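The values are calculated or read from the model by the stated rules, or taken from the named source; none is laboratory data. Here the structure is a predicted model, which means the values were calculated and not measured. Every residue, glycine as well, gets a Cβ built from its backbone with ideal geometry; the counts of neighbours run over all protein chains shown. These accessible areas exclude ligands, DNA and RNA; they are computed on the full protein's heavy atoms, side chains included. Shrake-Rupley method; radii C 1.70, N 1.55, O 1.52, S 1.80 Å.
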Amino acid sequence: MNELMILKTQPTKTPNDITSDARQARLNYAFRVFTRVMSSFFSPLVLCLDDLQWADKSSLELIQLLASDVHNKNSIMIIGCYRSNEVGASHILSSALCNLLDMSTTSNELLNMTQIELGNLGKKEVNQVIMALLSIDEESQTDSLASICYRRTMGNPFFLLELVKLLEEEGLLYFHLGLFQWKWDKDNIVSKTASTKNVVDMLQGKMNKLSQEVRAFLQCISCLGSSFTLETVRLIWEHQNLICTDSSTVKTGTEKLLATMMEESYLEKYENNKFRWTHDNVEQAASSLIEEGSCASFRSSIGEIWYRELGEDNLEPFLFEVANLVNNTAEGVINTDYAKVNLKAAKKARDNSAFDCCCNYASKGISMLPSTKWTSEPVLTVKLYSLAAEAEGVLGHHSKMENYCSEVLAQKSIPTLEK
């Protein structure tokens, strides 16, 4: 969503003296006008937004503005999906939904809001899915298998399909050629799946049976985000001997390993030379293969390789990913190069109106500066403090903003005009 907003506002150059509030207001106005134009040609205009539990404050505010735009006389429907188990009463999405509900009942008669909760499948529906998968017509024949699958997955559709695939791969569910039908041993399935708490554990157990090289490959690509390019994977994998302790396992090329991942349904190719995880639970399971005690250092090493091999000129498309990885560096480590990466990431986050992320990047960048930062790196330090203060101010964290400002103003070695 942020990418689209940037694309539509690139032609307009924002002067440096315009405040963040003014920039946000211009962005919101531009997007409202854009939506009005599009809805006049395509009515009703339907916007589908997934994973709203991860949306930042600015994006949610923009959604509220679009939904409550009284000047848009055309029909527009916004369908938002989120995981209710990850959204508590204090979550910013809960506040946004409450605001929209209040507007729909009090101040805006054109705004209608409907909330639909989609729960997991019930035991009956699980049985119907299994009957369809195994081409069985009688419910009673699959009832025992459905009961086990329901208990193990609690009716989660993704978990259910993964469990059925696992049972077939483990030989616990098999097709009998003599009888020409699917067979299974209920007691055997119960005992073999008793230790499986969730689908991540199940997938991790399946991944642990892969070769050491494939597991190392999964660990590396699990650090690259939800999607990545072939070039990025090749770049990291070619230098994996700097990360993995046993470099002697490297025998297979990047393309063949990616093909194996797609055969296992861990990855899918969605554009030319671009790949993504088939589900975030698969990514989580791959990430869990990294030893817990060394996870931070492993991710930091991936980020270091990525940063070094890309170079400053080619960093921009992967800026957030690289910054997130190098920020796993141990606390107290001084690295001005990484501080500069965080400065760039903070600027980009601010331009995207992601002020929470801007605060985090600026704060991390400051922590990577030496104790003599005001004399050895005055320009970099002032920029990081200024960005942090600006973002905290937009978020309404005035005490934090004042602390950053006071720190800068207290430096007598820096000319007033540079503060």
Q: Would you check the accessible area of Glu138, probe 1.4 Å, heavy atoms only, in square angstrom rounded to 10?
A: 100 Å²
Q: Calculate the translational D of segment 255-389 in whole µm² s⁻¹ from Stokes-Einstein, where the hydrodynamic radius comes from the Kirkwood formula applied to all Cα pairs, the temperature is 4 °C and the viscosity 1.567 mPa s.
A: 78 µm²/s
Q) Over segment 45-148, what percent of the accessible surface lies on carbon and sulfur atoms, probe 1.4 Å? A) 51 percent
Q) How high is the relative contact order of the chain, in percent, counting Cα pairs under 8 Å that sit 6 or more residues apart? A) 10 percent
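Could you give the dipole magnitude of segment 267-419 about its Cα centre, charging the beta-carbon of Lys and Arg +1 and that of Asp and Glu -1, in debye to the nearest 20? Let's see the in-between values first.
Numbers: 16 positive and 22 negative charges, 85 e Å.
Its charge dipole is roughly 400 debye.
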Q: Just name one of Tyr307, Met368, His279: the one whose Cα is farthest towards the positive end of the charge dipole of segment 235-388 (beta-carbon charges, Lys/Arg +1, Asp/Glu -1).
A: Met368
Q. Quick one: in segment 60-162, what % of C-alpha pairs are over 19 Å apart?
A. 58 percent
Q: Would you work out which of Val326, Leu118, Ile63 lies farthest towards the positive end of the dipole of the chain, given +1 charges on the beta-carbon of Lys and Arg and -1 on that of Asp and Glu, about the Cα centre?
A: Ile63
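Please state the charge dipole magnitude for the chain, taken about the Cα centre, from unit charges on C-beta atoms (+1 on K and R, -1 on D and E), reported in debye and rounded to the nearest 20.
Details: 40 positive and 53 negative charges, 142 e Å.
The calculated dipole for the chain is roughly 680 debye.
Over the chain, what portion of Cα pair distances is larger than 42 Å, expressed as a whole percent?
Details: 25544 of 87571 pairs.
When all Cα pairs of the chain are counted, 29 percent exceed 42 Å.
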Q. Out of residues 5 or more away from Gly80 or on other chains, whose amide H comes under 5 Å of its own, with H placed 1.01 Å from N in the peptide plane?
A. Leu49
Q. From the phi of every residue in segment 282-291, what ³J(HN,Hα) in whole Hz does the Karplus formula 6.51 cos²θ - 1.76 cosθ + 1.60 yield, where θ is phi - 60° and glycine or proline is x?
A. 5, 4, 5, 5, 5, 5, 6, 5, 6, 4
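Pop out the carbon and sulfur fraction of the accessible area of segment 360-401 as a percent, whole number, probe 1.4 Å.
Details: 990 of 1750 Å².
So the carbon and sulfur contribution to the accessible surface is 56 percent.
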(Q) Of the candidates Gln240, Gln53, Gln219, which one comes out as most mobile in a Gaussian network treatment of the chain with C-alpha springs shorter than 10 Å? (A) Gln53
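What does the accessible area per residue of the chain come to in Å², with a 1.4 Å probe and no ligands, DNA or RNA counted? The partial results should precede the final answer.
Details: 23310 Å² over 419 residues.
Per-residue value: 56 Å².
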Q.
Under 8 Å for C-alpha pairs, at least 6 residues apart: give me the relative contact order for segment 290-407, rounded to a whole percent.
A. 20 percent
Q. Between Ser104, Ser300, Ser386, which gets the highest mean-square fluctuation from a Gaussian network model of the chain, Cα cutoff 10 Å?
A. Ser104
Q.
Less than 17 Å apart at the alpha-carbon level, and either on another chain or at least 8 residues along: which lysines does that give for Lys383?
A. Lys340, Lys344, Lys347, Lys348, Lys364, Lys373, Lys400, Lys412, Lys419
Q) Using the alpha carbon gyration tensor of segment 299-338, what are the three equivalent-ellipsoid semi-axes (square root of 5 times each eigenvalue), largest first, in whole Å? A) 17, 10, 9
**Q.** In order through segment 374-383: 3J(HN,Hα) via Karplus (6.51 cos²θ - 1.76 cosθ + 1.60), integer Hz, x for Gly, Pro
**A.** 6, 9, 8, 9, x, 5, 4, 5, 4, 5
